[in-house]
Structures are given as C-alpha cells and as structure tokens.
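Visitor: Structure incoming, see below.
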Amino acid sequence: MLAVILIAKICLVFSVTVLTLYAIRHYVFAMSRLFLKHPREWMEFTGFMLPRTTVLVAMHNEETVAADVLQALVECDYDWEKLEILAIDDRSSDRTGAIIDEFAAKYPVIKAVHRESGEGGKGGALQFATPLATGEVLLLFDADYFPGRAMIKQLVAPFCDPQIGAVMGRVVPHNTGRTLLTELLSMERAAGYQVGQQARYNMGLTPQFGGTVGGVRATALRAVGGWNPESLTEDTDLTFRLVVRGWKVAYANRAECYEEVPETWEVRRRQIARWATGHTDCLHRLQSSVIRSSALSFFGKVDALFVLGCYLTAPVLVLGWLASLVLFFSPQAHYVPALAIALTFAGYQMFGNQATFYELGVAALLDGAARRVLLMPLNLFNFFASTGAICRALFRYYTGKLSGTGGPRWQKTRRYRENGNGKGFANGNGAPNGLYSQGANGLYTCRTTNV
Amino acid sequence: MFDFIAWRFLLFAAAFGLLMYLQFYLGHRQWNRLKGEQAGEIDVNYVRTENYMAQSFRMKVKDWLQLPVSQDREFGPVIMKGHERIRTLAGMDLADHATCDDILVLEQNFSCGQGCSLTREVLVHGNSNIGSESRLQSMAADGDLMLGEKVSVARWVDSNGELTLSAGCHVGSRVTSLTRIRLGLGVEIPSASAPQIVTAEWDSKLPGEDPASRDLLEIAFPDGSEAVEESLAAAKLNAKRFVQLGGDTWLYKGEVRPPVPVRLRRKLAVAGDCYFPEGTVLEFDVKAGGSIFLGPSCVIRGNLVADGHIFLGPGCRFSGLVHAEKTLLLSRGTRGFRVDGMVAAYAGEELSLETDVALKGKIASGARAVVIDAAAAQAWRDQRRIQDDGSAVDQVHTS
C-alpha cells in the first residue's frame, strides 16, 4: 500500500510540475503578445521580394474543393514568369485528377502531377512532386484552403533573409459559425497563431511551419533531405530538421488564409489523434538532434521540446488525476488539495492544440473579437474531448510501437464544402463563387451559411 | 454544530454551483448570438499597393461627386455628405494663415500661403504648392506637389508628379509618388515610395562603375583544401566556424571583420557583427545576428538583413532589400537601384538618410525615417562606435 501511495505521490508531483511549466510558458507568450513590441516587419517588403516560386498543392480525393484552390492560385497577384503551380493528384479515385488536367490545359502556369502509387500521405505526395519544382521558394497549400490574391507575395517576403528556411502564414477558419465545435476551434486557431506562433517568433524561438499557408526554401529543403513521407506531421518534422541545422522559421501573421475546420466531434477526434501521433513520433525521432544542436539556444531547445511534447501533456494530466484519486482515498489525503488545485489550474491550460486559456482570451482581444471571450467556459468540452482523443491515440501509438504492428497511418480530414465551382473569389468580373460573398462594404468575405 | 457545518457546506455548494452554471449559461447565450457569424473576415481580393490610402480617397471622391450639388451663399456649389462639406472648385489660391475645414476637390492648380490650415483632405487635379509652416490633413495631387518648409501633414501625401518635401516637413503616414520624391533636410516621415526617392543635395548621379572589375580578395568557403584555408586566413576568418546550411548558404559562427575589401559570392548568415571595408562587393544575401557596417563605396547586390543596426558608408550601392531590426543609416552618396525592379530599405527603429541619397523603391521605418546632416550622421556613428569608413573604433586598417 505504501508503495502505491509513494508512486501516486511521485506521479502527482511530476504531473503538476510538467503542466505548471507548460502553463507558465503559455502565460509568458500571452503576456508578451499583449505588452511587447512586434519585431521583424517583413510585410513592408511585400511585392519587393519576388523570387521564382513553386506552389505545391497535394490533393487526394479533393473533387469538391480542387477547382476553388486552383482558381484562387491563378488569380493571385504574382508574375506568372516567376510562378509555377504543381497540382498533385495523389492517388485519387474521384474526379480530382480530371479537374487538375482541365486546369493545366487552361492555364500554362499549372502543371499536373499524377501520383498513381506509393506510400505515405501528404508527405509522400510532396516528396514525389518536389523534384519537379523549379522555384527557389516552395509554397504549400492544402486543397481546402483559399489563398487571397496577395498571399504569394506576402509569404515570399521573409525569404529576403538568407537564414530563413521556412515561413508560416496564419490560418483562419471560414466555417466558424457552423457548430459550437467550429466556433471553439476558431478560437483555438486564433490563439495558436495570433498568440502562440507570433509570440514564439517575437521571442526568437521557433514558430512551427504548418505545412500549408507557408513556404520553404528549396535549398533548405534539399539540405535536410526533403520531406519525410513516414511522418504524419511532415510539417513539424521539417520544422525541427531545419532549425537543428541552423535555419530559421519566420511567421507572417498578416498572411491570412481561410481553411475549413472539422464540424463534427468525430472528425475532430481523428484530426487531433493524427496530430498527437505525428508530433509525438517527431519528438522521439528528433529529440536527441534538438538537444545536441549547436544552432539552438538553451531556451530554443527547451521550447522545441515543449512543442514536440505538447500532446504528451494529455496523458500526463490523466496520470495526475488518477494519482489524485489514489491519494484521496488513501490515509494521506491531506496531500491532495493543494496539488489538485494546482493540477486543475495547470491542466486547464493544456487543452486542444496548444491553445491555452490565457491565449484564447488574448487572441480574442487582439483580433478585436472580445465578445468571444464569453465562449471560453464552453471550451471545457473541447478540452475533455481532446484529452480523451489524444490519450487514445498515444496509447495506440505506443502499443503499436511495442508490439511492432507498424507505425502511424495517414487519415485524410473530411471536407465539408460541396459547391466548389472553381470560379475564384471574383471570377474575373466580380461574381463571387459559392464560398465567397460580397458584403455591403464591397469586400469579398467568406460565406458562413450555405457552405 | 453539525447543523451549522451542513448549512455552511450547502451554502458553499450552492454558490459554487451557481457560479459554474452562470459561466456555462453566459457561454451558451453568447454561442446563440454568434451562431452563423464569421470570426475574422479576410478580404481575399485585396492587394495592397503602396499608395493605397490616396487611391482609396480618390475612389471615394469619385463616388461623392455623384451626390447632389447644392448652392451655398458663402462657398458656391457644395456637396453635403452627412455633416461634411465637399467643395469642388476650378482652382484656388489661399492667402497666408487661411483656414479651410472642407474637403476640397480642385480641377486645376492649388496653392496656399504661409501658415495655412487645411483640416480635411484635398484632391488637386493639377499642381499644388503649399506654403511653409502650413498644416494639412492629407493631400493627393495628380500633378506636382510642393510642400514648403516645416509643413506638417497629419496623414498621407501622394502625387502622380514630383513630390517635394522641403526642409523640416513632417508627415504622419505614407508619402507616395508615381514620379519622384525629394526629401529636404530634417524631413520626418514613416515611409516613402516612388520610382525615385532623393534627399537634399542629390547630385543627379546614378551608379556607373561595374563592380565586377574590382580586384578583390574573394571569400572562399571551406572544402578542406589548404588554399581555401589560406584565403580565409587572409580575410581573418576561421574555417572551423563555417557551417553549410544548404547548397549556396553558409553560416559563420562569429564576427566577420576582414582587414581588406572582399568579394562574397555565397549567401552568408553571420552569428555576430559584420564590418566590411571600403570597396567590398557582396554578390549575394548577407544576414547578421548582430549589426552590419559597410565602408565607403561598397556594392551590395543581394539582400542585407541584420538583427541589429546597419550602416552603409558613403557612396555605397545596393540593389536588393535592406532590413535592419534596429536603426539604419544610409550615408551620403548612397544609391539604391536595380534594373528589373524596386529596392527597399526598412529599419525597425529609426532610418536615417544623409543628404545626396537616391533610391528607386521604398523606405520605411517602424519609428521614423529622417533626413540628417553630416553632424547628425557623425553622432550616429559615434553612438555605435564606428568610424567614417564603417570600421569599428578599435579596428586596425590594412586596406
């Protein structure tokens, strides 16, 4: 009995320590966004840095959205002499390949790439198409994204710094008001980008390259051995392979792009399970490189490990809860109250995808959407759902590793758009497509109903 | 006693429950209100141009001119837009110290004397001449625009023709021209963009010499050979401190301070400061974790990025982007041009331009861009402990 109590005590102290460190880290990020200056204003160079650029769009059964993203890209404000768009049909069984071929026939700037076999998800498709790219900078968009006309110029501007290996823009959900989940995920995304990514960049740490709405320097990509088709989160994998070698990652908060977030809890569960597995897999593969890297400062290494290990906080939290229960029913129940309060406080910081209580609030304020702060209590549902999904995914990951039944597998995230018609946002004559509508102020913005 | 404890517990539990319920109630109520609303709106069609403020104003004026015109006893024909009065006139000459609180749209030329105050926007389809010490809100001119000494503009100024800001002018926002901007001594602006931006005493000369003809020590990159090591030693660089980031990009972990002018043919990121002597040619991008100081007549063909300060010595030429996280000084005779595009110089803090500086493109600053004289430039260098030639005060010259 004494041994069980001792183990429970150790687990609880460990859990509280880890979660408190994460909570402090996020608190520092939130405060830094509120009170510190915003350095490195690359946006002043938008339109002045015009390298030869290749846009890669990997598509696997994306017939509902393929036309929209391709049309948006050809309408981007960038010299076609310096642009190529590689539209990758990644083993699609629907009309995706045909749509890509139609666009390639219509626009010389688009090149159709058909991948008919091979392993891996997006990483595999990118690895397949990258040797065909001729750009100095490779930009990436997922098929459900909708880049604005200025997006390419905004994303390539930071590459004027020769040490920048990758650039990440900001994603903004366009289906925010559809369900409570999309609303909560929208807040989470805002916190992750507006606060987390920007604060890390401001503080000289590593913002994460997200594999979409971002770009990577071709020489940097080649130097680190290209994409990793084995990884479920090839973007995280690439980010840390770049920084341990000495490259930097930049974050461009004003390069905003719409995306779709999951509308149902099941799709969300699958998405966060993939992220958790991919991140944790990256942690195990890259932790020693991060620790040994001479290119990262001490705090840079600590933060990198915090990022890579962020999904482990869910099982650590559950461990803390279980340890609290054991101690509560033990003769030494007096240990529990103080640690349990600390655990509750710190644990609540950890829900979702690194977006924390403070960061959600600060992001809502910075985005001028202070009314959304009132939604924060409801994020408790997201917190519990994410914690459960992550624990389950990591349990499968570790048991799979132990039993040797194979590594993680790619699962495509479901798309909700049904009326993608490839007419771009203005269709050349101002007529919006199904995704966009023109407001009273004349601006084309995302349509949240009828999507 | 038991009863008291039970009541106290129940009271606490009720209060706790109420608070719990209240936050979920408020959250749920807010969700009902926000349902169907978009969190952040992005104008996907928007492409920012440098003169977007003036362009936006011109578009608005076009719309306003469609509104009904009424006859005012004092002002003649006017257009009322809410409480705002828009006056459309053929031309206008305002006397000294005149004040105008209307939006003005002038079909021909406009001028005003000293100390005038124009509290609303002005659009001039001809040329415009503003008297010294006048105060403006913002002004767009289709022709040339001349601001006299110490004119203060609260927001932006824009012209299709030549735009002159005389000595001591101050502009609160963007300065743009489709032709040329002339900046007098002491001018303070946050940013300027034009095919040609020149400061006072510009000698009208543009870059001439071909830097390829210079006979310089070429920085070699470590390949294990002795010849390269000797070459690096001549440039006071240590081969062991080089790390190859990627094909054409190298990282140097230390300070770069070659004693002789050098030619650099690779992209280089430097962890510390860089001091390049007179006549150095940088063919590719250079980034410094510290500051970059370049002596006179250096040529920069790539981009220059520093987390600290950047100093371009007299007569330097650049044809890329210059980005200093702190301050930036473009010394007398600096030229920034490229044949196939624009250049840009940005400083997170103050951007100082000495007299006789010319560039094609843009200058911008997180604080202010200011035109300074030789004495102020000397003070800038003294503060950062560098000499006129860009070398550190304690540096020994062999060039």
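Visitor: Thinking of region A:86-166 as a set of Cα atoms, what percent of all their pairs are more than 17 Å apart?
Guide: Looking at region A:86-166, the distances longer than 17 Å represent 56 percent of pairs.
Visitor: As I understand it, the dipole of the protein assembly as shown uses +1 on the Cβ of Lys and Arg and -1 on the Cβ of Asp and Glu, about the Cα centre. Which of A:Val28, B:Ala344, A:Tyr258 lies farthest toward its positive end?
Guide: It is A:Val28, whose Cα lies furthest towards the positive end.
Visitor: Name the residues whose placed amide hydrogens come within less than 5 Å of the amide hydrogen of B:Phe318, ignoring near sequence neighbours (fewer than 5 apart) on the same chain.
Guide: For B:Phe318, whose amide H was placed from the backbone, the distant partners under 5 Å are B:Ile300, B:Arg335, B:Gly336, B:Phe337.
Visitor: Let me know the charge dipole size of the protein assembly as shown about its Cα centre in debye, to the nearest 20, where only the beta-carbon of Lys, Arg (+1) and Asp, Glu (-1) is charged.
Guide: Dipole size: approximately 2580 debye.
Visitor: In addition: Specify the inter-centroid distance of region B:80-119 and region A:111-176, based on alpha-carbon positions, in whole Å.
Guide: 51 Å
Visitor: Could I ask something else about it? What net charge is computed for the residues neighbouring B:Lys150, neighbours being all others with C-beta under 13 Å from the C-beta of B:Lys150, Lys and Arg scored +1, Asp and Glu -1?
Guide: Within the 13 Å Cβ shell, the charges total -2.
Visitor: Also, quick follow-up: Under the definition of partner shielding as Cβ atoms of other protein chains within 10 Å of a residue Cβ, what is the mean value for peptide A:176-187?
Guide: Neighbouring Cβ atoms belonging to other protein chains average 3 per residue here.
Visitor: Peptides B:158-166, A:391-399, A:79-87, B:12-20: what's the order by average Cβ count within 10 Å, highest mean first?
Guide: Sorting B:158-166, A:391-399, A:79-87, B:12-20 by mean packing, highest first, produces B:158-166, A:79-87, A:391-399, B:12-20.
Visitor: While we're here: Output wanted: per-residue J couplings in Hz (rounded whole) for region B:145-160, from phi through Karplus 6.51 cos²θ - 1.76 cosθ + 1.60, θ = phi - 60°, x for Gly and Pro.
Guide: 9, 10, 9, x, 5, 6, 6, 10, 10, 5, 10, 9, 9, 8, 9, 7
Visitor: Determine, for B:Phe276, A:Phe298, B:Phe57, B:Phe293, the number of other Cβ atoms within 10 Å of each Cβ, and report the residues in order from fewest to most.
Guide: Ascending number of Cβ neighbours within 10 Å: A:Phe298, B:Phe57, B:Phe276, B:Phe293.
Visitor: So, one more: How about B:Lys240: which aspartates and glutamates have a C-alpha closer than 20 Å to its C-alpha, ignoring those fewer than 8 places off in the same chain?
Guide: Result set, ordered by chain and number: B:Glu218, B:Asp223, B:Glu226, B:Glu229, B:Glu230, B:Asp248, B:Glu255, B:Asp273.
Visitor: How large is ³J(HN,Hα) for each residue in region A:189-202, as worked out from phi by the Karplus curve 6.51 cos²θ - 1.76 cosθ + 1.60 (θ = phi - 60°), to whole Hz, x for Gly and Pro?
Guide: Values, residue by residue: 4, 4, 5, x, 8, 4, 9, x, 5, 5, 5, 4, 5, 4 Hz.
Visitor: Taking chain A as the reference, fit the longest principal axis to its C-alpha atoms, fit the long axis of helix A:2-35 to the helix C-alpha atoms, and give the angle between the two in degrees, 0 to 90, nearest 10.
Guide: Here the helix axis deviates by roughly 40 degrees.
Visitor: How would you rank B:Ser138, A:Ser386, A:Ser293, going from fewest to most other Cβ atoms within 10 Å of each one's own Cβ?
Guide: A:Ser293, B:Ser138, A:Ser386
Visitor: When DSSP assigns beta bridges and you keep just the ones with both residues in region B:52-178, what percent turn out antiparallel, to the nearest 5?
Guide: 20 percent
Visitor: Can you compute the charge dipole magnitude of region B:261-325 about its Cα centre, using +1 on each Lys and Arg Cβ and -1 on each Asp and Glu Cβ, nothing else charged? Give it in debye, rounded to the nearest 20.
Guide: With Lys and Arg at +1 and Asp and Glu at -1, about 320 debye.
Visitor: For A:Met31, A:Met43, what ranking results if the residue with the fewest other Cβ atoms within 10 Å of its Cβ goes first?
Guide: Going from sparsest to densest Cβ surroundings: A:Met31, A:Met43.
Visitor: Suppose only helical runs count, i.e. DSSP H with n ≥ 4. What mean residue ellipticity at 222 nm does that imply for the protein assembly as shown under -39500 (n - 2.57) per run, divided by all residues and rounded to the nearest 500 deg cm²/dmol?
Guide: Value at 222 nm, helices only, nearest 500: -10000 deg cm²/dmol.
Visitor: Given H placed 1.01 Å from N in the peptide plane, which residues other than close sequence neighbours of B:Ile310 have an amide H under 5 Å from its amide H?
Guide: It is B:Ile292, B:Thr327, B:Leu328, B:Leu329, by chain and number.
Visitor: How large is ³J(HN,Hα), in whole Hz, for each residue of region B:51-67 in order, when computed from phi with the Karplus curve 6.51 cos²θ - 1.76 cosθ + 1.60 and θ = phi - 60°, using x for Gly and Pro?
Guide: Result, ordered by residue: 9, 5, 5, 5, 4, 5, 5, 4, 5, 4, 4, 4, 5, 4, 5, 7, 6 Hz.
Visitor: In peptide B:285-292, what is the residue-averaged number of other protein chain Cβ atoms found within 10 Å of each Cβ?
Guide: That works out to 2 on average.
Visitor: Rank B:Glu226, B:Glu133, B:Glu218 by mean-square fluctuation in a GNM of chain B with C-alpha springs under 10 angstrom and give only the top-ranked residue.
Guide: The residue with the greatest mean-square fluctuation here is B:Glu226.
Visitor: Any chance you could count the Lys pairs in chain A whose alpha carbons are under 17 Å apart, treating pairs 8 or more apart or on different chains as valid?
Guide: 5
Visitor: Along the positive direction of the dipole of the protein assembly as shown (beta-carbon charges: Lys, Arg +1; Asp, Glu -1; about the Cα centre), which of B:Gly308, B:Trp380, B:Val370 reaches farthest?
Guide: B:Gly308
Visitor: Please compute, for peptide B:44-55, the average count of beta-carbon atoms on other protein chains lying within 10 Å of each residue's beta-carbon.
Guide: Mean partner-chain Cβ count within 10 Å for B:44-55: 6.
Visitor: To continue, here is another question. Charges at C-beta only: +1 for Lys and Arg, -1 for Asp and Glu. How large is the resulting dipole of region B:211-383 about its Cα centre, in Debye rounded to 20?
Guide: Its charge dipole is roughly 300 debye.
Visitor: Compute the long axis of helix A:96-106 from its Cα atoms, compare it with the longest principal axis of the Cα atoms of chain A, and write down the angle in degrees, 0 to 90, nearest 10.
Guide: That works out to roughly 40 degrees.
Visitor: Long-range amide H contacts for B:Lys287: which residues qualify at under 5 Å (H placed 1.01 Å from N, peptide plane, sequence gap of 5 or more or a different chain)?
Guide: Close amide H contacts, sequence-distant or interchain: B:Leu268, B:Ala269, B:Val270, B:Val305.
Visitor: Taking chain A as the reference, fit the longest principal axis to its C-alpha atoms, fit the long axis of helix A:357-366 to the helix C-alpha atoms, and give the angle between the two in degrees, 0 to 90, nearest 10.
Guide: 40 degrees
Visitor: If Lys and Arg each add +1 and Asp and Glu each add -1, what is the summed charge of the other residues whose beta carbon sits under 15 Å from the beta carbon of B:Tyr52?
Guide: Result for the local shell: +3.
Visitor: Okay, moving on. Would you kindly give the portion of the calculated P(r) for the protein assembly as shown that falls above 46 Å, as a percent of all Cα pairs?
Guide: Tail of P(r) above 46 Å: 34 percent of Cα pairs.
Visitor: Which is farthest toward the positive dipole end of chain A among A:Val362, A:Val4, A:Gly404, measuring Cα position about the Cα centre, with Cβ charges +1 (Lys, Arg) and -1 (Asp, Glu)?
Guide: Final value for the positive-end residue is A:Val4.
Just so you know, all these numbers are worked out from the coordinates, no wet-lab data involved. Just so it is clear, the structure is predicted and the values come from calculations on it, not from any experiment. For neighbour counting, all protein chains shown are included, and Cβ atoms are generated from backbone atoms with ideal geometry for every residue, glycine included.
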